[in-house]
Amino acid sequence: MERTLILFKPDAVQRRLSGRLLTRLEDKGLKIVGLKMLRVTKELSAKHYAEHVTKPFYPLLEEFITSGPVVALVAEGPQAVAVVRGMMGPTNGAQAAPGTIRGDFGVSRQMNLMHGSDSVEAATKEIAVYFKPEELISYESTLAGWVCAADEAK
Ligand code: IDP
Ligand code: MG
């Protein structure tokens, strides 16, 4: 079953939206298998955003992502990576459609509330950056049989 790395960014935590964002993930049928609050350090930011460190906006991104606590989650489900990207909407909240998280809760290109891995490969790397293997919890969900058919649960 596919897994993806999600962050509720400092703006989401400060705006006390963590509960509502988590509810949206749970309502969708995603299974939460890892969850913690942490402060992103400059080193962690550079690891996570390795593809962006040389970009002009990186200093602002680093300042933002290290500015307060984040909530890190690992969500599991069929096509979890694409499902979460779709739920988030495009990067800039001002352009994100209503109904998406960024479209419903924000107007900013930088303060866009949530991170979600953009590919299965990125998800694998990012999950390892944020979570130790023993911090990921495998468990049977009693609702699993009502969330998708058996042949989709892989
Ligand atoms: P994504 O989060 O939608 O995948 P990326 O292009 O990977 O967007 O950028 C990573 C993060 O960097 C964004 O979510 C946003 O917080 C920030 N960011 C992206 N582009 C800009 C920019 O032009 N100025 C400031 N911050 C930006
Ligand atoms: Mg990205």
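The values are calculated or read from the model by the stated rules, or taken from the named source; none is laboratory data. All values reported here derive from a predicted model rather than from experimental measurement. Glycine also receives a Cβ, built like all others from the backbone with ideal geometry; neighbour counts cover every protein chain displayed.
Each residue in the range 95-121 was checked for being part of a helix (DSSP H, G or I), crowded, with 16+ Cβ neighbours inside 10 Å and either within 14 Å of ligand 2 (Cβ to nearest atom) or in contact (Cβ under 8 Å) with a residue 60 or more places away in the chain (or both), and 3 of them qualify.
Scanning the range 122-142 for residues that are among the small types (Gly, Ala, Ser), within 24 Å of Asp11 (Cβ to Cβ) and more than 16 Å from ligand 2 (Cβ to nearest atom) yields a total of 0. Per this entry, Thr54 is not counted among residues that are outside any loop (DSSP other than H, G, I, E, B), more than 14 Å from ligand 2 (Cβ to nearest atom) and at pLDDT 95 or above. Among the criteria (1) surrounded by fewer than 19 Cβ atoms within 10 Å (Cβ to Cβ); (2) touching a residue at least 40 places away in the same chain (Cβ under 8 Å), the one Gly86 does not fulfil is (2). Please go through the range 15-48 and pick out each residue that is under 25 Å from Met1 (Cα atoms) and either modelled with pLDDT under 95 or part of a loop (DSSP other than H, G, I, E, B) (or both). Gly29, Leu30 - these are the residues of the range 15-48 that are under 25 Å from Met1 (Cα atoms) and either modelled with pLDDT under 95 or part of a loop (DSSP other than H, G, I, E, B) (or both). Of the residues making up the range 25-48, just one is over 20 Å from Val81 (Cβ atoms), in contact with a strand residue (DSSP E or B) (Cβ under 7 Å, 6 or more places away or on another chain) and surrounded by 16 or more Cβ atoms within 10 Å (Cβ to Cβ), namely Val40.
Given the condition within 12 Å of ligand 1 (Cβ to nearest atom), free of Cβ contacts under 8 Å to residues at least 60 places away in the same chain, touching a strand residue (DSSP E or B) at 6+ places or on another chain (Cβ under 9 Å) and of a type in the set (Lys, Arg), answer yes or no: does some residue in the range 49-62 qualify? Checked against the condition, which is being within 12 Å of ligand 1 (Cβ to nearest atom), free of Cβ contacts under 8 Å to residues at least 60 places away in the same chain, touching a strand residue (DSSP E or B) at 6+ places or on another chain (Cβ under 9 Å) and of a type in the set (Lys, Arg), the range 49-62 yields no hits at all.
Please verify whether Met1 is within 14 Å of the chain's Cα centre (by Cα) and of a type in the set (A, V, I, L, M, F, W, C), treating the condition exactly as stated. Give the derivation first.
Working: within 14 Å of the chain's Cα centre (by Cα): no; of a type in the set (A, V, I, L, M, F, W, C): yes.
No; evaluated as a whole, the condition is false for this residue.
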